[in-house]
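Here's the structure we're looking at; comments come further down.
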Amino acid sequence: MVSAPDAAVVQSPAEKLIHLDHEIRRLEYELLVARRRKRWGNVLVVTGPLLLVGLWIASGFSQFDIRSANSQISTVVGLAGLVMVAKACHLKFRPGGPATHNGQEFWGDRKLEAELDLELTLLRDKRKLSVSEGELTLKQRRLAYKAEAFSDVDRFRAENKRYRRIQNALQGVLIIGSLATTAIAGISLISPLAKWGTMATSFLVGIASGFIAAFKYRERGAYLQQTADAIESEWEALDLGVGRYKHYGPDDESQEKALGDFAEEVYRLKTEQKKREQNLDQPPSDERSGPAAGS
């Protein structure tokens, strides 16, 4: 009577692989959060003090009067700078991934980026060892790869949404900043202090334009969406038996061949996506010299 629960606890090789994939995706998310918090900490630790220093320099050229509009704007900017500095201190002194202690998001324990990277590397090595030891048949590995492909679709689309939000935000800064620069430049003829606003908006427009040109968020998002749609199309074609899979019968041998074609096509699509990302990471000079060198 004791053997039944014990037998239920034992996992099959396929279940072990699914469990490893789940743990890998969880650690990938935690590592993404840790790197995102580190990146925002680096940004805020620079922009916060710069904002306060710029406000201090600008205040030296004008007389502070609590009733004036310029002083009220300076107060808001100063508070924003202090909030940035406080947030930067929190991100720098408490780095790591999501909080895991008693559900407390702010003060909970966080694993450092190096710890998460080591755990993720260990799990990936375990997964490779599990597959290489022959615990799974070729069909089981292809079925696991098919299930992993659908999670890749969700991941690609989530990254596409993130890049699209960044692109829209920077594009909004370009549009609003350009109009604000023109409007403030006209006001500077009446109020000499407005020239500092012109300088600030021009600085923001330049930063947004530089980020768009350097990181190419629109192109990255478009490639990710294209790859996700292609993988999803292959998934649906395999399930419905249409397209390249319409000639395969319902027998096990035909279905195994169909899984092989599906795995080959998805592997090609993911490889092309990696090549596109590598091309986007190249400097513009390398992109221009690449075709010339190849010809």
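The values are calculated or read from the model by the stated rules, or taken from the named source; none is laboratory data. For clarity, every value in this text was computed on a predicted model and none was experimentally measured. Heads up, the Cβs are rebuilt from the backbone with ideal geometry, glycines too, and the neighbour counts pull from every protein chain shown. The protein model used for the area step is the full one, side chains on, heavy atoms only, and it has no ligands, DNA or RNA in it. Shrake-Rupley method; radii C 1.70, N 1.55, O 1.52, S 1.80 Å.
Filtering the range 42-57 down to residues that are under 23 Å from the mean Cα position of the chain (by Cα) and open to solvent by 60 Å² or more (accessible area, probe 1.4 Å), which residue is nearest to VAL85 (Cα to Cα)?
Initial filter on the range 42-57 (under 23 Å from the mean Cα position of the chain (by Cα)): 42-47.
Filter once more, keeping what is open to solvent by 60 Å² or more (accessible area, probe 1.4 Å): 42-43, 45-46.
Numbers: ASN42: 11, VAL43: 10, VAL45: 6, VAL46: 9 Å.
The selected residue is VAL45.
Name the single residue that is surrounded by the most Cβ atoms within 10 Å (Cβ to Cβ) among those in the range 142-156 being within 20 Å of SER254 (Cβ to Cβ) and among the basic types (Lys, Arg).
So the residue we want is ARG142.
Has the range 197-214 got any residue that is touching an Asp or Glu at 6+ places or on another chain (Cβ under 7 Å), over 17 Å from TYR145 (Cα atoms) and assigned to a helix (DSSP H, G or I)? First the steps, then the outcome.
So in the range 197-214, the residues touching an Asp or Glu at 6+ places or on another chain (Cβ under 7 Å) come out as none.
Checking the range 197-214: not a single residue is touching an Asp or Glu at 6+ places or on another chain (Cβ under 7 Å), over 17 Å from TYR145 (Cα atoms) and assigned to a helix (DSSP H, G or I).
So the check is Cβ under 6 Å with 6+ separation or different chains; which pairs have a first residue in the range 268-295 that's modelled with pLDDT of 90 or more and a second one that's open to solvent by 60 Å² or more (accessible area, probe 1.4 Å)?
These pairs meet every condition: ARG276/TYR223.
Quick check: anything in the range 232-241 of a type outside the set (Asp, Glu) and over 19 Å from TYR267 (Cβ atoms)? Walk me through how you get there before you give the answer.
Taking the range 232-241 as the starting set, the residues that turn out to be of a type outside the set (Asp, Glu) are 233, 235, 237-238, 240-241.
Among the residues that remain, those that are also over 19 Å from TYR267 (Cβ atoms) are: 240-241.
Checked against the condition, which is being of a type outside the set (Asp, Glu) and over 19 Å from TYR267 (Cβ atoms), the range 232-241 yields at least one hit.
GLU272: part of a helix (DSSP H, G or I) and surrounded by fewer than 16 Cβ atoms within 10 Å (Cβ to Cβ), yes or no?
Taking the combined requirement at face value, the residue satisfies it.
What number of residues within the range 182-201 are under 16 Å from SER74 (Cα atoms), at pLDDT 75 or above and among the small types (Gly, Ala, Ser)?
1
In the list LEU143, LEU120, LEU129, which residue meets the criterion of being under 18 Å from the mean Cα position of the chain (by Cα) and not charged (D, E, K, R)?
LEU120
Are any residues in the range 241-269 within 20 Å of THR227 (Cα to Cα) and open to solvent by 30 Å² or more (accessible area, probe 1.4 Å), and if so, which ones?
VAL242, GLY243, ARG244, ASP261, GLU264, TYR267, ARG268
Please state which of the following conditions ALA228 fails to meet, knowing it meets all the rest: (1) buried (at least 18 other Cβ atoms within 10 Å of the Cβ); (2) modelled with pLDDT of 90 or more; (3) in contact with a Leu (Cβ under 9 Å, 6 or more places away or on another chain).
ALA228 satisfies all of (1) buried (at least 18 other Cβ atoms within 10 Å of the Cβ); (2) modelled with pLDDT of 90 or more; (3) in contact with a Leu (Cβ under 9 Å, 6 or more places away or on another chain) except (3).
If you go through the range 232-269 one residue at a time, how many are in a helix (DSSP H, G or I) and touching a helix residue (DSSP H, G or I) at 6+ places or on another chain (Cβ under 7 Å)? Walk me through it before giving the result.
Of the residues in the range 232-269, the ones in a helix (DSSP H, G or I) are 232-240, 243-245, 252-269.
Filter again for touching a helix residue (DSSP H, G or I) at 6+ places or on another chain (Cβ under 7 Å), leaving 232, 234-235, 237-238, 243-245, 256, 258-263, 265-266, 269.
Within the range 232-269, residues that are in a helix (DSSP H, G or I) and touching a helix residue (DSSP H, G or I) at 6+ places or on another chain (Cβ under 7 Å) number 18.
Within the set of pairs 6 or more residues apart or between chains, which connect a residue that is touching a residue at least 60 places away in the same chain (Cβ under 8 Å) inside the range 213-232 to a residue that is open to solvent by less than 60 Å² (accessible area, probe 1.4 Å) and of a type in the set (Asp, Glu) with Cβ atoms less than 8 Å apart?
From the range 213-232, the pairs are ARG220/GLU159; GLY221/GLU159; LEU224/GLU159; ALA228/ASP152; ILE231/ASP152.
For the condition more than 18 Å from VAL77 (Cβ to Cβ) and surrounded by fewer than 14 Cβ atoms within 10 Å (Cβ to Cβ), what is the one hit in GLY210, GLY221?
Details: GLY221 fails: surrounded by fewer than 14 Cβ atoms within 10 Å (Cβ to Cβ).
Exactly one of GLY210, GLY221 is more than 18 Å from VAL77 (Cβ to Cβ) and surrounded by fewer than 14 Cβ atoms within 10 Å (Cβ to Cβ), namely GLY210.
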